């Protein structure tokens, strides 16, 4: 049987070469055939985000096609450069969402093996991918006339010497023909191990054609709806921060603020999740015994849990509330399957979604380690557990008769990863949970259609500069009709600050779900099921400043979406967005005015002479205000983020209790310095501890906060006078500090200056403020090309 050819756009950005091709893929005689129409493979070191989308458009044009002709997108999932992989996948997700077309991910290692096959290579082929840190991604294949066959189950990472030794120890090791970009660094090392057969360097990278050949050979990639949200990178390992954390959590000594930097019980939120440590084992064992004693499941003891934490390929998480463990879950890797070993929730905390959140965390870790599926065993008569597992995507795959005793069978349940776990309303964690695909708005009424048309132009804005994945939709009048923020705070709090690698990973996972939610919110505003991409007139995205790995995810998605939909793109300065957030509170605000931007990354005073016309009067020469709050909170063991915790403590303290310095208060300029104040606080803590005196946390917090506020307000007063303005505004996360807001209003109000601060929910990073700037630039025709890249150091 022959099916119609499909136009497939394929690309891979996981190495330092850009692989890209357009082809027709058809099925005949049970096999897929690939006819390449245009290809554009070339070196692209660190320029993938600049060159990828223009290359795709150029190849389509060369083939006499347009984006609308594309039936499917195939993207290399890695393993490879983490940032490179994410650029490719985020772009593919944007293209898929913009086209309403399926997206499939293929292994980069497989694509390299298929390149060797296409060049006529047969026999054993060993792909050596560069994993940095003297590590490689090894993949061994048996290549015959039909194509490469994997001789391994799942991609892994190994130290280069260990990988070379493992292959050299094989009886057929001398027959292995090496290829892959890892040979640029480790060819000599493999040769020393006796592996000297090396393919030509021209075959060391994937090509667009080899990626297509790899995808065509995998029937699973052509099944299902190809939802873009489900295409995720192949990482093979956790982030460095998570790996180090697991080592620390296996320590025998009790955890302290000195080793963790965080005291979770003081973080100000009730139910929290974090990886299990050896110090949790006693509570975990007690909960296990209380829940499972007398049931078909034999409870684990404390020693068993402690041993698990030091074992390779394990992931264990606990849910705790005010220091009490109320649930836990654990799993182990078995090839490319994650075996769920235990899920336990206190009876008093059931029906709160604790089990689902724990499953989300352990299976996410499994995905990072290369798991594609998850499996578990459950007692046939345990209806509650079966309902939980069924609700997140597990289904029956088999049965173990008499597993729990005579006549007490165990059911084997399996699920594809990621699980179908939607974020809760009060805890909108990033998630790969998805809506039905493709997006449709069946039955849109004439009234709804008219409302959408009357609201144009409609602009979708995207914000991913740090640890929030956010999107908003704004109409032509400036009304925000959708505003979605997926926070990552739970993923970073236990590290005492934002971990850039984790932030980038979560953006990649969450971006499609946030997009779908924003479009659904906008649709509801207009009286229909969802807004469609065809309703949009422009895409705006944060270009900088921010974390480069986080920025590129939002930008790559935005460029893919804009290219697919054929609509213009606007790049927005994140700092300008914080200025515009004041319009939510004071819509008639007009320049000139002075603004203070205070956040975890910035502290500055700005003379706003006009919208888009800014003079930075001065900024911090070291730490930002938000950064200082976080560091002091960490020193006190108060958790992350530090600002809200210190603010709450300060409400009960005496701001004059400790005489902390007011750095640069009399510098006669608008520069700030916070590092000296931070050091003074830490020195005070050490001195009090050495003297054996208890520290009054509210007094210390109030004194520290007052030292910060006094300098901020004093310089603001001078700036307002020198610039001769009647308005003053505040922007950034620290603008949510109640004492700072009150001080600005009181002191500046005495001078007759109107003070505007954004609503509390518009102080932290959000896409609504980005939408305001994007709409202005769209109207003004200030557009950016699809070669735009992120600018982590972008200035006003």
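The values are calculated or read from the model by the stated rules, or taken from the named source; none is laboratory data. Everything numeric here is computed off the predicted structure, so don't read it as measured data. All Cβ positions, even for glycine, are placed from backbone atoms using ideal geometry, and neighbour counts span all protein chains on display.
Scoring residue 585 on the criteria (1) assigned by TED's automatic domain parsing to the domain that holds residue 626; (2) under 20 Å from residue 744 (Cβ atoms) leaves a single failure, condition (1). One residue is enough: does the stretch 516-531 have a residue meeting the conditions outside any helix (DSSP H, G or I), in the same structural domain as residue 455 (by TED's automatic domain parsing) and within 29 Å of residue 417 (Cβ to Cβ)? Yes, because at least one residue in the stretch 516-531 is outside any helix (DSSP H, G or I), in the same structural domain as residue 455 (by TED's automatic domain parsing) and within 29 Å of residue 417 (Cβ to Cβ). Scanning the stretch 345-366 for residues that are touching a strand residue (DSSP E or B) at 6+ places or on another chain (Cβ under 8 Å) and closer than 18 Å to residue 421 by Cβ returns 345, 349, 354, 355, 357, 358, 359, 361, 362, 363, 365, 366. Using the structure shown, decide if residue 160 is over 24 Å from residue 16 (Cα atoms), in contact (Cβ under 8 Å) with a residue 12 or more places away in the chain and assigned by TED's automatic domain parsing to the domain that holds residue 78. No: the conditions fail for residue 160. Report, by residue number, each residue of the stretch 274-306 that is out of contact with any helix residue (DSSP H, G or I) (no Cβ under 9 Å at 6 or more places or on another chain) and closer than 30 Å to residue 406 by Cβ. Matches in the stretch 274-306: 287, 289, 292, 293, 294, 295, 296. Of the residues making up the stretch 109-121, those that are in contact with a helix residue (DSSP H, G or I) (Cβ under 9 Å, 6 or more places away or on another chain) and either surrounded by fewer than 24 Cβ atoms within 10 Å (Cβ to Cβ) or over 18 Å from residue 14 (Cβ atoms) (or both) are 117, 118, 119, 121.
Residue-level analysis places residue 774 outside the set of residues that are assigned by TED's automatic domain parsing to the domain that holds residue 598 and assigned to a helix (DSSP H, G or I). The criterion of being in the same structural domain as residue 79 (by TED's automatic domain parsing), under 29 Å from residue 240 (Cα atoms), within 33 Å of the chain's Cα centre (by Cα) and in contact (Cβ under 8 Å) with a residue 60 or more places away in the chain does not hold for residue 136. Inside the stretch 312-330, can you point out the residues that are surrounded by fewer than 19 Cβ atoms within 10 Å (Cβ to Cβ) and closer than 26 Å to residue 411 by Cα? The answer is 313, and nothing else. The helices (runs of 4 or more DSSP H) found wholly in the stretch 645-762 and carrying at least 2 residues that are within 29 Å of residue 470 (Cβ to Cβ) occupy 697-723, 738-749.
Residues in the stretch 516-543 that are under 17 Å from residue 765 (Cβ atoms) and either at pLDDT below 95 or out of contact with any helix residue (DSSP H, G or I) (no Cβ under 6 Å at 6 or more places or on another chain) (or both): 517, 518, 543.
It is to be established whether one or more residues within the stretch 752-772 are farther than 25 Å from residue 630 by Cβ and within 25 Å of the chain's Cα centre (by Cα). Checked against the condition, which is being farther than 25 Å from residue 630 by Cβ and within 25 Å of the chain's Cα centre (by Cα), the stretch 752-772 yields at least one hit. Those strands (runs of 3 or more DSSP E) of the stretch 1-108 in which 1 or more residues are surrounded by fewer than 24 Cβ atoms within 10 Å (Cβ to Cβ) and in the same structural domain as residue 219 (by TED's automatic domain parsing) occupy 3-12, 17-28, 31-39, 72-76. The number of residues in the stretch 491-515 being more than 12 Å from the chain's Cα centre (by Cα) and either assigned by TED's automatic domain parsing to the domain that holds residue 272 or within 17 Å of residue 559 (Cβ to Cβ) (or both) comes to 1.
Summed over the stretch 569-601, the residues that are modelled with pLDDT of 95 or more and either under 25 Å from the mean Cα position of the chain (by Cα) or part of a strand (DSSP E or B) (or both) give a count of 17. Residues of the stretch 677-723 that are without any contact (Cβ under 8 Å) to a residue 40 or more places away in the chain and closer than 30 Å to residue 749 by Cα: 709, 713, 717, 721, 722. Being within 18 Å of residue 410 (Cβ to Cβ), surrounded by fewer than 22 Cβ atoms within 10 Å (Cβ to Cβ), assigned by TED's automatic domain parsing to the domain that holds residue 279 and more than 23 Å from the chain's Cα centre (by Cα) is a description that does not apply to residue 348. Restricted to strands (runs of 3 or more DSSP E) entirely inside the stretch 394-466, no element has at least 1 residues that are at pLDDT below 85.
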